[in-house]
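The values are calculated or read from the model by the stated rules, or taken from the named source; none is laboratory data. All figures in this text were calculated on a predicted structure; none of them were measured in a lab. Please note: Cβ atoms are built from the backbone with ideal geometry, for glycine as well, and neighbour counts cover all protein chains shown. Just the protein is used for accessible areas: all its heavy atoms, side chains included, with ligands, DNA and RNA removed. Shrake-Rupley method; radii C 1.70, N 1.55, O 1.52, S 1.80 Å.
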Amino acid sequence: SSDRVFNFAAGPATLPENVLRKAQSELYNWRGSGMSVMEMSHRGKEFLSIIQKAESDLRTLLGISSEYSVLFLQGGATTQFAAVPLNICKNDDAVDYVVTGSWSDKAFKEAQKYCKPNVIWSGKSEKYTKVPSFDDLKQNPEARFLHICANETIHGVEFKNYPTPNNQSGILVADMSSNFCSKPVDVSKFGLIYAGAQKNVGPSGVTVVIVRNDLIGNAQSSTPVMLDYKIHAENNSLYNTPPCYGIYMCGLVFEDLLEQGGLVEVEKKNKKKAELLYNTIDESNGFFRCPVEKSVRSLMNVPFTLEKSELEGEFIKEAGKENMVQLKGHRSVGGMRASIYNAMPLAGVEKLVAFMKDFQAKHA
Ligand code: PMP
């Protein structure tokens with residue numbers, strides 16, 4: 001509605017308007033319970049119904065089989081950078097990392113404390129604009145797992161399909177923080193998927209981990225109890241007090257995604273939005289530029305620069321006057337970035353591209 005901005009932030013990010021309104025209507029008194037979700041015992045029947053429905057809707061959305069556990073945790077994806085190696089390798093295990101941007105680089109660096117990770121491909125020398133061809137990956141057959149970041153939020157580089165791990169255990173691990181639930185994913189290809197909620201599926205404070213059951217239960221002995229998947233799986237994410245309100249919000253988003261027709265429909269909408277924006281950039285005769293190789297451009301995070309970089313400040317300021325906010329690129333890369341997650345309506349992208357064309361006409 002007209003009192004809201006179009007928020008292109010990378011995360012926390014825009015949430016579906018109908019979800020916010022539903023949360024508002026239930027805030028004071030959740031479905032006749034006489035309490036808000038924030039006030040409920042996490043062990044009471046009301047909250048149990050909320051977390052169970054959230055899990056079951058997520059399982060439906062992504063087609064997650066009973067071979068996998070779904071955990072709702074805290075600490076962000078950053079905590080998973082440590083939890084993943086602590087849970088699924090010994091501290092002298094070799095592990096392969098593909099580094100396509102800042103987030104996979106951070107994951108690799110954290111893993112150095114808990115195993116013997118090796119970067120088998122890095123896009124750094126090409127400023128993180130590519131995903132490697134899978135045939136060129138020199139995977140270590142002894143590696144315990146292969147780790148990728150499915151969508152690099154800062155650089156706008158997204159895997160469109162996934163490498164097959166040819167390590168002994170055949171485990172592929174993916175950080176899906178910034179494209180989680182943006183399209184269908186064959187979960188059975190992965191040993192483990194993790195994602196912070198605050199881009200596509202809810203507020204910050206919830207981290208979703210989808211982990212194959214056979215990978216649970218062998219954590220390194222020094223693993224803190226809060227990072228041990230076994231503890232959380234055995235307790236249905238209720239070992240300690242979970243981020244109840246955040247899980248409730250994620251549940252509302254999952255419900256909304258199912259009502260939209262599931263992830264096949266969601267992906268169609270995301271493709272349409274991304275195409276509109278990338279076409280505007282590509283058809284601007286170099287006035288706008290996206291450095292990312294076309295075949296791996298992210299449907300979620302669209303980084304772009306201005307040929308006349310001195311106009312960037314004005315671009316962001318003028319866009320702000322038209323209620324389009326958070327378009328500044330990440331401090332590490334500069335330029336602009338439009339994050340167009342599931343909840344960004346087509347109208348927001350249409351308004352942005354109209355603004356971009358106007359801006360170009362004024363300044364070309
Ligand atoms: N991985 C990716 C791909 C991200 O985009 C982010 C957050 N921007 C993180 C990890 C870190 O997530 P958190 O802040 O939830 O720890």
- Note on the structure: Selection from the stretch 299-321 of residues open to solvent by 40 Å² or more (accessible area, probe 1.4 Å) and touching a Lys or Arg at 6+ places or on another chain (Cβ under 7 Å) yields 305, 307, 316
- Message: It is to be established whether one or more residues within the stretch 178-188 are assigned to a strand (DSSP E or B), within 11 Å of the ligand (Cβ to nearest atom), out of contact with any helix residue (DSSP H, G or I) (no Cβ under 6 Å at 6 or more places or on another chain) and at pLDDT 95 or above.
- Response: no
- Query: Checking residue 144 against (1) in a loop (DSSP other than H, G, I, E, B); (2) open to solvent by less than 20 Å² (accessible area, probe 1.4 Å); (3) of a type outside the set (A, V, I, L, M), which test does it fail?
  - Reply: (2)
- Message: Being outside any strand (DSSP E or B), among the β-branched types (Val, Ile, Thr), in contact with a strand residue (DSSP E or B) (Cβ under 7 Å, 6 or more places away or on another chain) and at pLDDT 95 or above is true for just one of 164, 129. Which residue is that?
- Response: 129
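Residues are listed down the side, and each one gets a yes or a no for (1) surrounded by fewer than 21 Cβ atoms within 10 Å (Cβ to Cβ); (2) farther than 13 Å from residue 343 by Cα:
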| site | (1), (2) |
| --- | --- |
| 229 | no, yes |
| 232 | no, yes |
| 236 | yes, yes |
| 248 | no, yes |
| 252 | no, no |
| 258 | yes, yes |
| 273 | no, no |
- Tally of residues being farther than 19 Å from residue 190 by Cα and within 16 Å of the ligand (Cβ to nearest atom) across the stretch 130-150: 0
- Check off (1) of a type in the set (Gly, Ala, Ser); (2) surrounded by fewer than 17 Cβ atoms within 10 Å (Cβ to Cβ); (3) more than 29 Å from residue 13 (Cα to Cα) for residue 204 and give me the number that stays unchecked. (3)
- Message: Please verify whether residue 319 is touching a Leu at 6+ places or on another chain (Cβ under 7 Å) and assigned to a helix (DSSP H, G or I), treating the condition exactly as stated.
- Response: yes
- Note on the structure: For the stretch 59-84, pairs from a residue that is on the phi > 0 side of the Ramachandran plot and of a type outside the set (Phe, Trp, Tyr) to a residue that is open to solvent by less than 50 Å² (accessible area, probe 1.4 Å) and within 11 Å of the ligand (Cβ to nearest atom), with Cβ under 8 Å and 6 or more apart or across chains, are 75/207; 76/196; 76/207
